[in-house]
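Input: a single structure, listed below in structure tokens.
Rule-based calculations on the coordinates, nothing more; no lab input. The structure presented is a predicted model; accordingly, all values stated were derived computationally and were not measured. Positions of Cβ are generated from backbone atoms using ideal geometry, with glycine treated the same way; all protein chains shown enter the neighbour counts.
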Amino acid sequence: MIKAVIFDVDGTLVDSVDLHAKAWQEAFLEFGKTIDFKTVREQIGKGGDQLLPTFLTKAEIEEYGEQLTEFRGEHFKKNYIDQIKAFAKVRDLFKIIKASGKKIAIGTSAKKDELSHYLKVAKIDDLVDVKTSADDVEKSKPFPDIFAVALDKLNLPPENVVVIGDSPYDAEAASKIDLLAIGFLCGGNSADVLRGAGATTIYDGPEDLFNNFTQSALAAPH
């Protein structure tokens, strides 16, 4: 009996994964680290706190990790954020979820200011009941903290809430606190990767779930 949905944003509601990967790749290069695009892209979905240790030693993180993260953020906002577009039917999907009597929460590893921009791009700010970002927690995905805060704000038990995301880190984080996870393919991860991380059902993206809403777990009586 689903009463609320927690959505990831990057790669789930907005087409931003490639742009994030470029910004990170270029930020690493700025600090003398050459990392191929595919390798960086596979880490998108984590926050910077979890992404950096994949590529830097503890000593490097202590030396310039904060500077690199700040550079990435400014570089992304200056060169890439305005290119981001919402996937098709995001607002329609949110409207049908709300019409079915369910609450909608956002649980993203993005920073608060980036999230605010994405909600405007997708035209869904007025349909969101709860917003949780990387600024609300110490550890981002695949740790479950972001979803745990969203769950607390929703004031619902895990069995009444489903998470929807495009990355294995979403499904992994959800499963750690007993939340059902649905996977979207629009972020570029395969169905096998998402299922392997714990996603129980897979859709192409917001439009696919919207078109098949009446047959989905979300259509059950609230």
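Between LYS176 and GLU30, what length comes free when the chain is fully extended (0.36 nm per residue of separation minus the Cα-Cα distance, one decimal in nm)? Please list the in-between numbers first.
Values: separation 146, 0.36 × 146 = 52.56 nm, distance 3.54 nm.
Separation in residues times 0.36 nm, less the Cα-Cα distance, equals 49.0 nm.
Taking Cα pairs under 8 Å and at least six residues apart, what relative contact order does the range 1-159 come out at, in percent?
31
For the chain, what does -39500 (n - 2.57) per DSSP helix run (n ≥ 4), summed and divided by total residues, give at 222 nm, in deg cm²/dmol to the nearest 500? It would help to have the intermediate numbers written out before the result.
Numbers: 10 runs with 93 residues, N = 222.
That calculation yields -12000 deg cm²/dmol at 222 nm.
Check the straight Cα-Cα distances from LYS112 and name the lysines below 17 Å, setting aside those fewer than 8 residues away within the same chain.
Partners within reach: LYS46, LYS77, LYS78, LYS120, LYS123, LYS131, LYS139, LYS141, LYS153.
Going through the range 66-171, which trypsin sites (Lys or Arg not before Pro) have at most 12 other Cβ atoms within 10 Å and a DSSP loop state? Walk me through the numbers before you get to the answer.
Working: sites: ARG72, LYS77, LYS78, LYS85, LYS89, ARG91, LYS95, LYS98, LYS102, LYS103, LYS111, LYS112, LYS120, LYS123, LYS131, LYS139, LYS153; in loops: LYS85, LYS89, LYS102, LYS111, LYS123, LYS139.
Loop-located and lightly packed - LYS85, LYS123.
Under 18 Å from a point 7 Å along the Cα-to-Cβ line of ASP192: which residues of the range 169-185 have their amide N that close?
In the range 169-185, the label zone of ASP192 (backbone N under 18 Å from the point 7 Å along Cα→Cβ) covers 169, 183-185.
Using a/c under 1.5 as the rounded threshold, could you call the range 86-222 rounded, prolate or oblate? The axes a ≥ b ≥ c are square roots of the C-alpha gyration tensor eigenvalues, and prolate needs a/b larger than b/c, oblate otherwise.
Working: a/c = 1.22, a/b = 1.08, b/c = 1.14.
Since a/c stays below 1.5, the shape of the range 86-222 is classed as rounded.
Please list, or write none, the aspartates and glutamates whose alpha carbon is within less than 17 Å of the alpha carbon of LYS22, excluding same-chain residues fewer than 8 places away.
ASP10, GLU30, ASP36, GLU42, GLU70, GLU74, ASP82, GLU114
For the chain, give the magnitude of the charge dipole about the Cα centre (Cβ charges: +1 Lys/Arg, -1 Asp/Glu; no others), in debye to the nearest 20. Could you put the intermediate results ahead of the total?
Details: 27 positive and 36 negative charges, 141 e Å.
About 680 debye.
With a cap of 16 neighbouring Cβ atoms within 10 Å, and only residues DSSP puts in a loop, list the trypsin sites (Lys or Arg not before Pro) found in the range 13-53.
Numbers: sites: LYS22, LYS33, LYS38, ARG41, LYS46; in loops: LYS33.
Filter output for the range 13-53: LYS33.
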